[in-house]
Amino acid sequence: MHISNTDELNKTFGLGGKIRFITENKLIKFIATSKASVLEGYLQGAHITSFIPKDSSDVLWLSPIAKFEHGKAIRGGIPICWPWFGKHPVDTSFPQHGFARNSLFEVAQTAELNNGDLQIILSMQESEASLKLWPYKFKLNLIITFGASLSIELKTENTDSQTFTISEAIHSYFAIKDISTTQLQGLENTPYYDQLLESDTRQANSATKFDQEVDRIYRAPVNELFILREGLAKTRIQQVHGNTVVVWNPWLEKAKSMGDFPDNGFSQMLCIEAANTRYGSIILAPGEHHSITQIITPRRLAELGPV
Ligand code: TA6
């Protein structure tokens, strides 16, 4: 059911005001208030832009000069990379990271769960525009479940008569205080492809530290990551059915080259992405489906003490 009128959306999916749909920056935005947090996002790209636990600060980083335009990915928050991650495998003139983050999703369902968490399911399927880029029929659902933590499930269904292959990422931008005192724990000794050096290497037996541009595809099918600030575990990040973790910080020169990214913004953000990249793309036969999920648990409720 494609409703683009915010009054209709509020009547049909507003859960008695717990979720409000408004028009902001000429896009349809949702503001959802659970007992433990507030989540914001846009139907454009099914793009979550803010997740603020009660009495805390935003877990996600959103560029203060992000552009909000139909058909253009918003810089920051949680862009969805699908049905390919990175450059198109054949035609590099196609949009980087696929077309889902540039596409309009519709609200399929909203619900308040027994534990007080809220759930929003946003959905898209093939269109004339998508078929020009990727000749398959599909259904793509983003299942957002949040309260004290935030779970983002990206579910692909093959509704075509042909088998297709996807790569994908839940491309989360995390807000941090200072990249120079931030560490990422959980990828020790893990092999990774360095996108900058275009070579395979391996993480040392220590937490990942940041003092320059980083763009790495870690082969880490099972992991539990912690963002550490001055040794204190701040946020736990888990993933399900993602065989790689992408870690990216553009640093200063790359930040300067992006018109929607402030030059010094790199010091307050870190991308940690649940992904299935070329190191294990997903093949779906007609009728099959697959989900990749990222679960973000801020410190307060993860009982994460000093590490
Ligand atoms: O996830 C890392 C990455 O692939 C980097 O190479 C960089 O391109 C980043 O994604 C952002 O891509 P975007 O197309 O959003 O500017």
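At q = 0.16 Å⁻¹ the log10 of I(q)/I(0) for region 93-157 amounts to -0.60, computed by Debye summation with a single uniform scatterer per C-alpha, solvent ignored. Counting Lys and Arg as +1 and Asp and Glu as -1 over every other residue whose Cβ lies under 9 Å from the Cβ of GLN294, the net charge comes to -2. The 3J(HN,Hα) values that the Karplus relation (6.51, -1.76, 1.60; θ = phi - 60°) gives for region 15-20 are, in residue order, 6, x, x, 5, 10, 10 Hz. Gly and Pro appear as x.
Projected over every direction and averaged, the convex hull enclosing the alpha-carbon atoms of region 195-298 yields 8.6 nm². Listed cross-link partners LYS29/LYS209; LYS139/LYS177; LYS26/LYS139; LYS29/LYS139; LYS29/LYS234 are compared with a 30 Å cut-off, the Cα-Cα value being larger for LYS29/LYS209; LYS139/LYS177.
Take the alpha carbon gyration tensor of region 175-253, find the square roots of its eigenvalues, order them as a ≥ b ≥ c, and report rounded if a/c is under 1.5; if not, report prolate when a/b exceeds b/c, else oblate. Here region 175-253 falls in the oblate category.
Surface composition of the chain: carbon and sulfur atoms hold 49% of the protein heavy-atom accessible area at a 1.4 Å probe. GNM on the chain, alpha-carbon springs under 10 angstrom: the most fluctuating residue among ILE48, ILE283, ILE296 is ILE283. Relative contact order for region 20-147: 19 percent, from Cα pairs under 8 Å spaced at least 6 residues apart, divided by residue count. Applying both filters, DSSP loop and at most 14 other Cβ atoms within 10 Å, to the trypsin sites (Lys or Arg not before Pro) of region 26-130 gives LYS26, LYS35, LYS54, LYS67, LYS87.
In straight-distance terms, cross-link reach from LYS137 covers every one of the aspartates and glutamates whose alpha-carbon lies under 15 Å from its own, apart from those fewer than eight places away in the same chain; here that gives GLU126, GLU128, GLU157, ASP160, GLU288.
Per the Debye calculation on the chain with a single equal scatterer at every Cα and no solvent contribution, log₁₀ I(q)/I(0) for q = 0.10, 0.11, 0.16 Å⁻¹ amounts to -0.53, -0.65, -1.45. Using 0.36 nm per residue and subtracting the Cα-Cα separation, the extra length available between LYS35 and SER161 on full extension is 41.0 nm.
How would region 53-209 be classified by its alpha-carbon gyration tensor: rounded, prolate or oblate, with rounded meaning a/c under 1.5 and the a/b versus b/c comparison settling the rest? Because a/c hits 1.5 or more and a/b fails to exceed b/c, region 53-209 counts as oblate.
Ignoring the sites themselves, what is the longest stretch of the chain with no GluC sites (Glu not before Pro) in a DSSP loop and at most 14 other beta-carbon atoms within 10 Å?
Longest run free of exposed loop sites: 70-187.
In percent, rounded to a whole number, the relative contact order of the chain is 16, using alpha-carbon pairs under 8 Å and six or more apart. The convex hull around the C-alpha trace of region 136-191, projected and averaged over every direction, spans 6.6 square nanometres. Here the ratio of the Cα radius of gyration of region 125-224 to 2.2 N^0.38 Å is 1.42. Placing a label point 7 Å from the Cα of SER57 along the Cα-to-Cβ direction, the residues of region 192-213 whose backbone N falls under 19 Å of that point are 210. For the chain, the solvent-accessible area with a 1.4 angstrom probe is 43 square angstrom per residue. Computed from point charges on the beta carbon alone (+1 for Lys and Arg, -1 for Asp and Glu), the dipole magnitude for the chain about its Cα centre is near 380 Debye. Here each label is just a point 7 Å from Cα along the line to Cβ, and for ASP200 and LYS254 those points are 2.2 nm apart.
Computed FRET efficiency, Cβ-Cβ of THR181 and GLU213, R0 30 Å: what is it to the nearest 0.05?
Efficiency, rounded to the nearest 0.05: 0.95.
The values are calculated or read from the model by the stated rules, or taken from the named source; none is laboratory data. Keep in mind that what you see is a predicted model, and the values were worked out from it rather than measured. For neighbour counting, all protein chains shown are included, and Cβ atoms are generated from backbone atoms with ideal geometry for every residue, glycine included. Side chains are part of the model used for accessible areas, which takes the heavy atoms of the whole protein and leaves out ligands, DNA and RNA. Shrake-Rupley method; radii C 1.70, N 1.55, O 1.52, S 1.80 Å.
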